[in-house]
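Data block below; observations after.
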Amino acid sequence: MKSRKRAAALSAATLLSAGLLLITAAPAHAVPDTCTVNTWGGYGASTCTTGTGEQRINIAYIDRQNQRQLVVGNWAPVGGTSSAYFNGSLHLWWLDKRG
């Protein structure tokens with residue numbers, strides 16, 4: 001009788017472990033990476049070539065009235081280009097990424 005209880009407990013533990021592995025095993029996702037950014041003449045563009053998901057460029061600039069402004073580009077998939085136009089002096093840029 002004891003061996004039947006042990007076998008049942010072992011089977012239940014094995015099934016539970018296998019079920020937990022199936023639940024926790026998810027596909028690997030990496031946010032976009034290996035990105036290049038170019039800015040020139042009031043235009044900024046970014047492209048990422050590895051990873052998954054999307055990225056977009058953000059550009060902070062100083063306008064002609066000496067005010068800080070922000071423009072945000074479109075969400076672009078890996079391999080695609082996010083772009084934005086600005087009218088003033090480039091202050092800084094950064095990328096938003098989402099997997």
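With neighbours defined as other Cβ atoms within 10 Å of a residue's Cβ, the residues Cys35, Cys48 order from fewest to most as Cys35, Cys48. Size descriptors for the range 33-98: radius of gyration and Dmax over Cα atoms are 11.9, 40 Å. Arranged from fewest to most other beta-carbon atoms within 10 Å of their beta carbon, Trp93, Trp75 become Trp75, Trp93.
Roughly how many debye, to the nearest 20, is the charge dipole of the range 33-98 about its Cα centre, given +1 on each Lys and Arg Cβ, -1 on each Asp and Glu Cβ, and no other charges?
120 debye
Go ahead and collect, in residue order, the members of the range 66-99 whose backbone nitrogen is under 14 Å from a label point 7 Å along the Cα-Cβ direction of Thr49. The answer is 78-81, whose backbone nitrogens lie closer than 14 Å to the label point.
Bear in mind these aren't lab numbers, they're just calculated from the coordinates by the rules spelled out. All figures in this text were calculated on a predicted structure; none of them were measured in a lab. Note that each Cβ is placed from the backbone with ideal geometry, even for glycine, and that neighbours are counted across all protein chains shown.
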